[in-house]
Amino acid sequence: MSSPPPPLVLLPGMNCSPLLWGAVQSQLAKQGYAVTQVPLDGPDLVSCVELLLDRLPPRFAIAGLSLGGIVAMALHRMAPERVLGLGLVATSPLPPTPAQHESWSRTLRELAEGMTAREVQVTLLPSLLHPDALPALREATLDMADQVGDGALADQLRLQSTRVDERVTLPSVSVPTAVVVGDSDLLCPVERQKLIHELVGEPSELTVLPATGHLSPLERPDEVAGALGRWMQRVTAAVHP
């Protein structure tokens with residue numbers, strides 16, 4: 001690379017540890033990118049974004065999966081001058097539905113009564129991974145929940161409940177944007193990613209990964225690293241025309 005690329009920040013999904021992005025981060029680092037994983041902290045969306053803005057460099061590219069993508073969209077909305085590129089992996093621009101609020105409240109009660117983050121993850125496995133995912137990937141998905149822990153998961157559920165409708169502001173995104181999704185994602189299906197892609201418009205590039213579920217960085221690290229690497233090339237070119 002003739003010009004140094006900007007720093008890249010990766011945000012996890014709910015109940016996901018740094019293991020989610022581990023292989024992708026390693027591959028992007030080999031391509032010459034300075035990659036940092038940052039956890040999701042804060043009791044609500046605004047607080048989470050404010051904490052991130054305090055700890056991140058003055059300008060950066062940011063990518064997130066699912067809840068991490070929701071936070072990334074909110075961060076761009078609140079501080080667009082800081083964001084050089086936006087990567088949205090298996091996420092949603094929609095506000096919560098009543099059914100989602102009810103589900104998150106029920107899970108919070110179950111956690112308070114002694115249910116573990118791993119047990120929550122077990123119930124979600126069919127929605128997180130492709131049906132043909134190897135047993136090792138299933139175990140890694142459960143290990144991530146152990147690493148997150150019950151308290152952090154409860155905080156993330158509260159954070160989820162404060163998300164807003166991002167469809168109004170997505171058309172204002174002018175930085176290079178990557179939208180990545182597995183074709184078998186049950187939680188954030190392809191149609192929702194196509195909506196994001198269409199709302200952002202020209203700066204957006206959509207990548208649909210075959211035979212892939214929700215946790216695409218875990219299931220298909222080579223393909224996700226490839227999509228984000230192409231995106232970071234566009235980000236770098238925009239920063240250093």
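Give the residues of segment 127-172 that are part of a helix (DSSP H, G or I), surrounded by fewer than 16 Cβ atoms within 10 Å (Cβ to Cβ) and either at pLDDT below 95 or of a type in the set (Gly, Ala, Ser) (or both), sorted by residue number.
Those that are part of a helix (DSSP H, G or I), surrounded by fewer than 16 Cβ atoms within 10 Å (Cβ to Cβ) and either at pLDDT below 95 or of a type in the set (Gly, Ala, Ser) (or both): 127, 136, 151, 172.
Please verify whether residue 87 is in contact with a strand residue (DSSP E or B) (Cβ under 8 Å, 6 or more places away or on another chain), assigned to a strand (DSSP E or B) and surrounded by 15 or more Cβ atoms within 10 Å (Cβ to Cβ), treating the condition exactly as stated.
Yes, satisfied.
Could we say that residue 108 is out of contact with any Gly (no Cβ under 8 Å at 6 or more places or on another chain), among the hydrophobic types (A, V, I, L, M, F, W, C) and under 29 Å from residue 205 (Cβ atoms) here?
The answer is no for residue 108.
Restricting the search to segment 20-61, which residues are under 22 Å from residue 128 (Cβ atoms), surrounded by fewer than 18 Cβ atoms within 10 Å (Cβ to Cβ) and among the hydrophobic types (A, V, I, L, M, F, W, C)?
If the condition is that a residue be under 22 Å from residue 128 (Cβ atoms), surrounded by fewer than 18 Cβ atoms within 10 Å (Cβ to Cβ) and among the hydrophobic types (A, V, I, L, M, F, W, C), then 23 is the only one that fits.
Answer yes if at least one residue in segment 164-180 is without any contact (Cβ under 8 Å) to a residue 40 or more places away in the chain and touching a strand residue (DSSP E or B) at 6+ places or on another chain (Cβ under 9 Å), and no otherwise.
no
Among 189, 203, which is under 15 Å from the mean Cα position of the chain (by Cα), surrounded by 15 or more Cβ atoms within 10 Å (Cβ to Cβ) and of a type outside the set (Val, Ile, Thr)?
Numbers: 203 fails: under 15 Å from the mean Cα position of the chain (by Cα).
After ruling out the rest, the residue left standing is 189.
Consider only pairs whose beta carbons are under 9 Å apart and that are at least six residues apart or on different chains; among these, list those whose first residue lies in segment 195-210 and is on the phi > 0 side of the Ramachandran plot and whose second residue is aliphatic (A, V, I, L, M).
Pairs found: 201/170; 201/173.
Show the residue pairs that are 6+ apart or on different chains and have beta-carbon atoms under 9 Å apart, the first residue being within segment 101-122 and farther than 16 Å from residue 148 by Cβ, the second being small (Gly, Ala, Ser) and surrounded by 14 or more Cβ atoms within 10 Å (Cβ to Cβ).
Every condition considered, the pairs that remain are 101/161; 105/161; 112/154.
Please count how many residues of segment 62-82 are among the aliphatic types (A, V, I, L, M) and surrounded by fewer than 24 Cβ atoms within 10 Å (Cβ to Cβ).
Residues meeting the conditions: 3.
Of all the residues that make up segment 1-19, how many are surrounded by 15 or more Cβ atoms within 10 Å (Cβ to Cβ) and more than 14 Å from the chain's Cα centre (by Cα)?
So the count comes out to 3.
Out of all the residues in segment 36-52, is one or more in a helix (DSSP H, G or I) and of a type in the set (Gly, Ala, Ser)?
yes
The values are calculated or read from the model by the stated rules, or taken from the named source; none is laboratory data. The structure displayed is predicted, hence computed values, not measured ones. Counting neighbours? That spans all protein chains shown, and the Cβs are built from the backbone with ideal geometry, glycine included.
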